[in-house]
Amino acid sequence: MHIAEQIEAGAIHGIELVAVVTENPQAAVIEKCRQRAIAVHVVPWPGATRRAEHERALLAALAPLRVDLVGLVGYLRLVGGDFLAAWQGRLFNLHPSLLPAYPGLNAIERAFAAGEANLGATLHWVDAGCDTGAPIMQRGLQRAPHETCESVAARVHALEARLLTDALNLLAFLGSRRESLTEALP
């Protein structure tokens, strides 16, 4: 379920989704946001050789929003120093593994191929490494012996959605107590 839908349903408290920034002009989230009058900014990916340019465009899209947190949910790239500096301690990522195991791309497939019995998801602060930031929250699940990679992936993605809801509630709670949020930041 989309974050805005979770907020509408009362599952997320103390968080306002003010905008979504995507590089995909065809993303399904765009229509969901438009239906709810949530701003959408499309910042197309220009290619790896122009990453700094892309990040400047992202920063320009985010700057006027005056937000407290930025989530890299579904953003499958590392971010550079300027972007990290601008959002240090306020930038999180959702990853489909129990970090530090299986950072990077294809985490579920790699865990499945390795025969892992325990899989899961991690919401973590973003740092300069690949999925190396301090964990905010993790949730796990047990792989059943008969499961396919596709069924495990579906369960992990459902778990990610629940984890995101729980973690956003935690971050909102801590954010309402600024001294606690400061202690929770890396």
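Each reported figure results from applying straightforward, stated rules to the coordinates on display, with no laboratory input. The model shown is predicted, which means the values in this text are computed figures rather than measured ones. Note that each Cβ is placed from the backbone with ideal geometry, even for glycine, and that neighbours are counted across all protein chains shown.
Of Pro64, Pro25, Pro96, the residue with the greatest mean-square motion in the GNM of the chain, using alpha carbon springs below 10 Å, is Pro64.
Going by neighbour counts of Cβ atoms within 10 Å, the residues Thr132, Thr49 line up, fewest first, as Thr49, Thr132. Of the residues His157, His54, His2, the one with the fewest other Cβ atoms within 10 Å heads the list, and the complete ranking is His157, His2, His54.
Nothing charged except the Cβ atoms of Lys and Arg (+1) and of Asp and Glu (-1): what's the magnitude of the dipole of the range 3-184 about its Cα centre? Round to the nearest 20 debye. Mind showing how you got there, number by number?
Numbers: 16 positive and 19 negative charges, 38 e Å.
Using only the charged Cβ atoms, the result is roughly 180 debye.
Expressed as a whole percent, the proportion of Cα-Cα pairs in the range 3-184 lying more than 28 Å apart is 26%.
Which FRET efficiency value, to the nearest 0.05, is calculated for Arg162 and Leu65 with the Förster distance at 30 angstrom and r the Cβ-Cβ distance?
Taking R0 as 30 Å, the efficiency between Arg162 and Leu65 is 0.70.
Would you work out which of Ile12, Cys149, Val67 lies farthest towards the positive end of the dipole of the chain, given +1 charges on the beta-carbon of Lys and Arg and -1 on that of Asp and Glu, about the Cα centre? Value: Val67. For the range 96-135, taking Cα atoms only, Rg and Dmax work out to 10.0, 29 Å respectively.
Panel order for Arg66, Arg36, Arg90, by other beta carbons found within 10 Å of each beta carbon, from fewest to most: Arg66, Arg36, Arg90.
Expressed as a rounded percentage, what relative contact order does the range 1-95 have, with Cα pairs under 8 Å and six or more residues apart? Walk me through the numbers before you get to the answer.
Details: 84 pairs, mean separation 19.8, N = 95.
Taking the mean separation of contacting Cα pairs over the length of the range 1-95, I get 21 percent.
Within the chain, the selection of entire DSSP H helices by a Cα span of 20 Å or greater along the long axis and an average Kyte-Doolittle value of at least 0.5 returns 149-175. Modelled spin-label separation between Leu105 and His146, with each label point placed 7 Å from Cα along the Cα-to-Cβ direction: 3.4 nm.
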